[in-house]
Amino acid sequence: MDITSHNNFANRMFVSVVGIFLLLAIMFLVFQYQRETEYKVDILHNRLQVVNYQAEEAWPDTLSILPANCRLTVLSTDGKVLYDNEKPAAQMTNHIDRKEIKLALDKGTGYDIQRKSETVDEKFFYSATFFKEKGLIVRSALPYDSQLYKELTIDKTFVYFILGITIALCLVLYQIARRLALSERHRVEGEKQQLKRQLTQNAAHELKTPTASISGYIETMLNDPNLPEETRQHFLERSFVQCKRMTNILSDMSALAKMDAVEQVKEPMRIDARQLLEDISSDVQLALKEAQMEMKINLDNITILGDRSLIYSVFRNLVDNAIAYAGKGSETDALRITVSATQINSEMVEFFVSDNGVGVPREHLPHLCERFYRIDKSRSRKLGGTGLGLAIVKNAILLHGGEIDLMPTPGGGLTVRFTLPAPTL
């Protein structure tokens, strides 16, 4: 994962954690607000309940026990108003549909907050009590004025406290996420530097052999003017082979450097996988014939999305690798390279490139895609390999958003499984 991806991950982590924390804080604030509101309402409701009980005990003589600004109404169980200290009972409508009356009949007590009275055209806080023994409902009410509003308003100290903690924790989380991102950036940069140093050391080691060979051949020809023409020709041919090897190494290193410099394919195109593989099969026919191998393509109507030159290099390197290291077949028993594919979902295609050759010991499988990794170094150099083929394959696949695995082929050989993107409809 590159630095940008790590920074994006750190940012997403910070946003996610802060988002969850804010959600929890809001839920707590709402819960606490509701609880405080209910607590205040319960206090006022209980206070008016005392008035209701006093009124019930003093009924029908109730005027003397009422606190200031308190309205009192006495009703029968059918909602008929028997008494009201604000208006004659005969002029008042039936109250059976009032919320606090319904609750009182159902649960014994009930209240309603900030409802406008149809009788006096003013908002009240109502509290009703049902006295079953006497068949009465006593309802007291206080006008919903500024004093009552202040009394029911909750203390916002805890709100400010939670908001302060939330802001402080957000700042702390931001600093933590920032430090994690910086730490990860330093780690990734360190890994990249280490990889570059290792690549440089390996490249220098790989280039040392052909350079020394070329230098030795040329030095011999310069120091011995009488060198036989046949030997001179042989030295020139060997020097040319070593030059080609150096060119291949530098070309593969350049390809890896270009892939390391980008995060994704910029202009992907639709690629007919079968046609691409048939082109590769045609290009390697001579090598297949020499190795007494055959290539079988088991796929139809598979389209992938990507950079054609990189996708070509993926399949070409895998086929070349199989030809070079799977062994040599015979006229009666030819080795086979098989390519198959399945579209696993609307976004990805799964490929299998396998051979039935000599295979690779399991302990080497996790390292085969490492740069300059070889199982048998002397054999690899003799065959002209650069040690970068499978590294190019892996990087190209990862650049396309795919994944790669190497596993033994049942019965012998090597199978490479990888995924590449498919065009979405």
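Taking 0.36 nm per residue of sequence separation and subtracting the Cα-Cα distance, how much length would be gained by fully extending the chain between Lys80 and Val15, in nm to one decimal?
So the chain would gain 17.4 nm between Lys80 and Val15.
Order Val74, Val360, Val30, most accessible first, counting only protein heavy atoms with a 1.4 angstrom probe.
Val30, Val360, Val74
If amide H atoms are built 1.01 Å from N in the plane of the peptide, which residues on other chains or at least 5 residues away come under 5 Å of the amide H of Phe125?
Under 5 Å from the amide H of Phe125 lie the amide H atoms of Gln114, Leu142, Tyr144, each far enough along the sequence or on another chain.
Could you order the peptides 273-283, 124-134 from most to least packed, using the average number of other C-beta atoms within 10 Å per residue?
124-134, 273-283
Can you tell me which of 397-403, 139-145 comes out highest on packing, and rank the rest after it, using the mean Cβ neighbours within 10 Å?
139-145, 397-403
For the modelled label position 7 Å from the Cα of Lys107 along Cα-to-Cβ, which residues of segment 131-147 have backbone nitrogen atoms closer than 19 Å?
131-132, 137-142
What full-extension length gain, to one decimal in nm, is calculated for Ile344 and Ile96 as 0.36 nm per residue of separation minus the Cα-Cα distance?
Fully extending the segment from Ile344 to Ile96 adds 82.6 nm.
For a 25 Å ceiling on Cα separation, which of these pairs sit above it: Lys107/Lys156; Lys40/Lys99; Lys123/Lys150; Lys99/Lys132; Lys80/Lys116; Lys208/Lys289?
In this structure, Lys107/Lys156; Lys208/Lys289 exceed 25 Å between Cα atoms.
Between segment 44-111 and segment 289-337, how many Å separate their Cα centres?
94
When the Karplus curve 6.51 cos²θ - 1.76 cosθ + 1.60 is applied with θ = phi - 60°, which whole-Hz ³J(HN,Hα) does each residue of segment 338-352 get, with x for Gly and Pro?
10, 10, 9, 8, 9, 7, 7, 7, 6, 10, 9, 10, 9, 10, 10
I need the shape label for segment 76-151. Rule: rounded when a/c is under 1.5, else prolate if a/b > b/c, else oblate, with a, b, c from the alpha carbon gyration tensor.
Taking the square roots of the gyration eigenvalues as a ≥ b ≥ c, segment 76-151 is oblate.
At a Förster radius of 56 Å, what calculated FRET efficiency corresponds to the Cβ-Cβ distance of Gln233 and Ile26, to the nearest 0.05?
My answer for the efficiency is 0.10.
Largest first, how would Lys40, Lys116 line up by accessible area (1.4 Å probe)?
Lys116, Lys40
FRET efficiency for Ser282 and Lys208, Cβ-Cβ distance as r, R0 = 51 Å, nearest 0.05?
After rounding to 0.05, the efficiency reads 0.90.
Rank these residues by their accessible area, most exposed first, probe 1.4 Å: Ser183, Ser354.
Ser183, Ser354
What number comes out for accessible area per residue over segment 55-176 if the probe is 1.4 Å? Units Å², please.
Accessible area per residue: 57 Å².
In sequence order, what are the phi-derived ³J(HN,Hα) couplings for segment 90-100 according to the Karplus relation 6.51 cos²θ - 1.76 cosθ + 1.60 with θ = phi - 60°, rounded to whole Hz, with x for glycine and proline?
Whole-Hz 3J(HN,Hα) from phi for segment 90-100: 5, 8, 9, 7, 5, 9, 5, 8, 6, 4, 5.
The values are calculated or read from the model by the stated rules, or taken from the named source; none is laboratory data. Just so it is clear, the structure is predicted and the values come from calculations on it, not from any experiment. Every residue, glycine as well, gets a Cβ built from its backbone with ideal geometry; the counts of neighbours run over all protein chains shown. Remember, those area values only see protein heavy atoms, side chains included, never the ligands or the DNA or RNA. Shrake-Rupley method; radii C 1.70, N 1.55, O 1.52, S 1.80 Å.
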